[in-house]
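K.L.:
Before anything else, here's the structure in question.
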Amino acid sequence: MAVKAFREPLSRERVLAAAVVLADAEGIKALTMRRLAADLDVEAMSLYYYLPSKEALLDGVVETVIMEIHDAVGRLDTTGDWRTRLRQQFLAARQVMLRHPWVPGLLGSRRIIPASVYAYYDGIVGTLVGAGFSYHLAHRALHAFGSMPLGFVQEIFSPASAGGSMEADVAEADLAAMTEALPHLTAMVATGLHDVTDPALGWCDSQVEFEFTLDLLLDGLERLRG
């Protein structure tokens, strides 16, 4: 008698894990119910039992990555002072985002914020208040941090967001065309072209700049706390 091959039961967690793998490999635009079903070797309709729409799938993917950040932060040493703890936490979140560079753009498009995001930021406020900050100053700190607790910064200038090219030679040509009209912005952006060895999540979101900004904010908050 032939023995049937074991197939792992389908679950919401398994579907979302496969969705993250697919987006990592081919980008978020490749993530469709039909393609995801093919990767899981199931019928597309069977996915709707766990995720009733494409929007639910995208929300679930965001939730999955946020929980990955929670897990990464949970493994950190929490014996340091507040600055060390938050610095390690934000950098751990960034490592997650570097593994999933499509997530920052997806986060900005979602209408529903997962409850896990609120819990994550609640922990940050708890760290600040525990270190002697008032809730008022902790609120100000969250505004200053922006999206950095999640491991990325929202870019002001990005060729991709304006429909331009991220290719170095094309970007340089665009900069040359802007030189006369926008001399200071052009010079600033030109000096910001990043080393290829510096991990980046976007045009102007490199690891070096992320850590510079993070340290600047933490140093400023320490002066205000004193």
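Per-residue answers, yes or no, for (1) out of contact with any Pro (no Cβ under 7 Å at 6 or more places or on another chain); (2) open to solvent by less than 40 Å² (accessible area, probe 1.4 Å); (3) without any contact (Cβ under 8 Å) to a residue 24 or more places away in the chain:
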site	(1), (2), (3)
Gly80	yes, yes, yes
Leu86	yes, yes, no
Gln95	yes, no, no
His100	yes, yes, no
Ile113	yes, no, yes
Ser116	yes, yes, no
Val125	yes, yes, yes
Leu128	yes, yes, no
Ala131	yes, yes, no
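K.L.:
Just a yes or no: is a residue in the stretch 139-158 of a type in the set (A, V, I, L, M), modelled with pLDDT under 75 and over 18 Å from Gly220 (Cα atoms)?
P.N.:
Scanning the stretch 139-158, I find at least one residue that is of a type in the set (A, V, I, L, M), modelled with pLDDT under 75 and over 18 Å from Gly220 (Cα atoms), so the answer is yes.
K.L.:
Within the stretch 107-148, can you find the residues that are in contact with a Leu (Cβ under 9 Å, 6 or more places away or on another chain), assigned to a helix (DSSP H, G or I) and over 21 Å from Val73 (Cα atoms)?
P.N.:
Selection gives Tyr135, Leu137, Arg140.
K.L.:
Would you point out the residue of the stretch 61-74, among those that are touching a Pro at 6+ places or on another chain (Cβ under 9 Å) and more than 22 Å from Gln88 (Cβ to Cβ), that is most open to solvent (accessible area, probe 1.4 Å)?
P.N.:
Glu63
The values are calculated or read from the model by the stated rules, or taken from the named source; none is laboratory data. In this text the structure is predicted, and so the values were computed from the model without any measurement. Positions of Cβ are backbone-derived with ideal geometry, glycine not excepted, and every protein chain shown enters the neighbour counts. Just the protein is used for accessible areas: all its heavy atoms, side chains included, with ligands, DNA and RNA removed. Shrake-Rupley method; radii C 1.70, N 1.55, O 1.52, S 1.80 Å.
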